[in-house]
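The values are calculated or read from the model by the stated rules, or taken from the named source; none is laboratory data. Note that the coordinates shown come from a computational prediction; the quantities given were computed from them, not determined experimentally. Cβ sites come from the backbone with ideal geometry, for glycine too, and all protein chains shown count toward neighbours.
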Amino acid sequence: MNIKESFKKGLNKNVVFLGVVSGLTDISSEMLYPVVPIFLTSVLNAPMSVVGLIEGTAEATASFIKIYGGRLSDKFSKRKPFVVAGYSLSAMAKPLMAAAFTWHFVLLARFIDRVGKGLRTSARDALISSSTQKEHWGKAFGFHRAMDTFGAAVGPLIALLLFKLMGDGAYRQIFLIAFIPAALGVIVLVKFVKEQQNSTGTAKPQGAVLDFSGLPSEFKIFTAFYLIFSLGNSSDAFLILKTKSLGFSVSSIIFVYFTYNIVYAAMATPAGWLADRFGKLNSLTFGLLVFSCVYLLFGLNESKSAVWLLFAMYGFYGAFSEGIYKAVISHLSPDDKRATAMGLFQGLLGFMLFLSSFLAGIIWDKIGPSYPFYFGAFTALLSALLIFSWAKIKKINI
């Protein structure tokens with residue numbers, strides 16, 4: 001088999017169409033990502049504390065529902081119904097914002113959107129892993145991340161274009177237009193993605209939501225080591241604030257962030273393919289080391305031109321992170337508990353994002369703007385060393 005055939009193998013219809021669905025949904029979501037805070041503060045006159053309340057509530061909701069949604073998917077041994085319901089809820093939330101005349105409506109819309117994200121994520125990832133052979137999981141998840149990130153790159157550019165065409169006050173029109181790609185994603189999902197059966201039959205998870213019983217010790221150890229990295233992996237808002245402090249305009253920041261997303265999208269599938277060939281834990285370790293270097297250099301950097309290179313490097317980290325860790329979780333969890341494992345892992349990452357961002361804000365205010373990046377560089381390096389050493393000592397070859 002030549003390299004081209006090897007690269008294509010494992011990217012079957014389910015994997016490809018789930019990638020298309022994710023790309024369309026992210027175009028919709030990222031059209032609104034830079035718009036909603038401005039709409040809240042400029043049109044609805046909401047204070048910054050309300051913006052924080054809405055985003056905090058949204059992310060907390062998604063983190064909790066990811067955990068519970070994964071358990072429900074395993075309990076009923078079904079994936080597609082949860083994926084369809086999740087994407088449908090997120091699509092319906094977009095036009096709801098167009099009817100908002102107080103910030104409470106925006107809170108409701110963001111809550112519905114994040115319930116949808118939490119409900120679909122774990123079941124969708126389990127569906128991807130059951131749709132292709134394990135030797136291609138890295139590539140499959142990498143392709144999905146590439147499509148997702150391509151949507152994330154294109155969405156803000158579409159929003160900028162719409163503002164130019166319709167004027168600076170076209171918030172409600174953009175909310176309505178954002179429904180179109182989200183609805184198309186749901187249609188593709190319903191028509192072209194097929195349910196896959198678990199090889200071990202129906203599982204019935206019991207007990208508390210945060211229940212690790214029945215999951216292998218290797219999964220628990222990997223989760224613990226990765227959460228060390230997550231403690232320093234604060235919101236990208238801090239990278240944006242650092243960039244702004246160097247004199248970048250808002251439009252320039254959007255294009256710098258586009259550079260990150262487009263590199264991420266271009267590299268995610270090749271990164272997954274490399275992970276399948278040379279080891280997923282090795283590839284993930286490489287990604288953490290890249291993150292450590294980028295954060296260290298962000299802390300040290302005072303040059304505007306270097307920011308473009310740093311965001312491009314950050315795209316390499318992205319390509320060797322989320323898609324790869326999902327492939328690792330797929331290897332470290334049994335078929336009948338895979339959605340539970342995905343939900344637990346990603347839910348915990350969501351809670352850690354809160355903690356890490358809160359901590360980064362305190363460090364920024366109390367010690368200095370460079371120190372959140374130094375802290376992130378340290379936690380990424382420590383996590384990489386622990387994961388690499390553990391894999392070698394235990395001879396875990398995935």
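Structural remarks
- Looking only at segment 137-190, residues that are surrounded by fewer than 23 Cβ atoms within 10 Å (Cβ to Cβ), within 14 Å of Asn14 (Cα to Cα) and modelled with pLDDT under 90 come to 0 in all.
- Residue in segment 29-39 that is assigned to a helix (DSSP H, G or I), of a type in the set (Gly, Ala, Ser) and within 14 Å of Arg124 (Cα to Cα) present: no
- Scanning segment 273-321 for residues that are outside any helix (DSSP H, G or I), under 22 Å from the mean Cα position of the chain (by Cα) and among the hydroxyl-bearing types (Ser, Thr, Tyr) yields one hit, Ser321.
- Lone qualifier among Ser63, Ser73, Ser88 - being within 24 Å of Ser49 (Cα to Cα), hydroxyl-bearing (Ser, Thr, Tyr) and part of a helix (DSSP H, G or I): Ser63
- Criterion violated by Ala327 - all others in (1) closer than 23 Å to Ala140 by Cβ; (2) surrounded by fewer than 19 Cβ atoms within 10 Å (Cβ to Cβ); (3) under 16 Å from the mean Cα position of the chain (by Cα) satisfied: (2)
- Residues in segment 44-60 that are aliphatic (A, V, I, L, M), surrounded by 14 or more Cβ atoms within 10 Å (Cβ to Cβ) and either in contact with a strand residue (DSSP E or B) (Cβ under 9 Å, 6 or more places away or on another chain) or in a helix (DSSP H, G or I) (or both): Val50, Val51, Leu53, Ile54, Ala58, Ala60.
- In this structure, Phe345 qualifies as crowded, with 24+ Cβ neighbours inside 10 Å and in contact (Cβ under 8 Å) with a residue 12 or more places away in the chain.
- Cβ-Cβ contacts under 6 Å between residues 6 or more apart (or on different chains), taken from a first residue in segment 244-270 that is closer than 22 Å to Gly299 by Cα to a second residue that is modelled with pLDDT under 85 and surrounded by fewer than 21 Cβ atoms within 10 Å (Cβ to Cβ), are listed as Ile253/Ile240.
- Checked against the criterion of being within 13 Å of the chain's Cα centre (by Cα) and β-branched (Val, Ile, Thr), segment 129-148 contains not a single residue that satisfies it.
- Any hit, segment 111-127, residues being surrounded by fewer than 22 Cβ atoms within 10 Å (Cβ to Cβ) and more than 17 Å from the chain's Cα centre (by Cα): yes
- Taken over segment 170-194, the residue count meeting the criterion of being out of contact with any helix residue (DSSP H, G or I) (no Cβ under 8 Å at 6 or more places or on another chain) and assigned to a loop (DSSP other than H, G, I, E, B) is 0.
- Note on segment 1-35: residues that are hydroxyl-bearing (Ser, Thr, Tyr) and modelled with pLDDT under 85 total 2.
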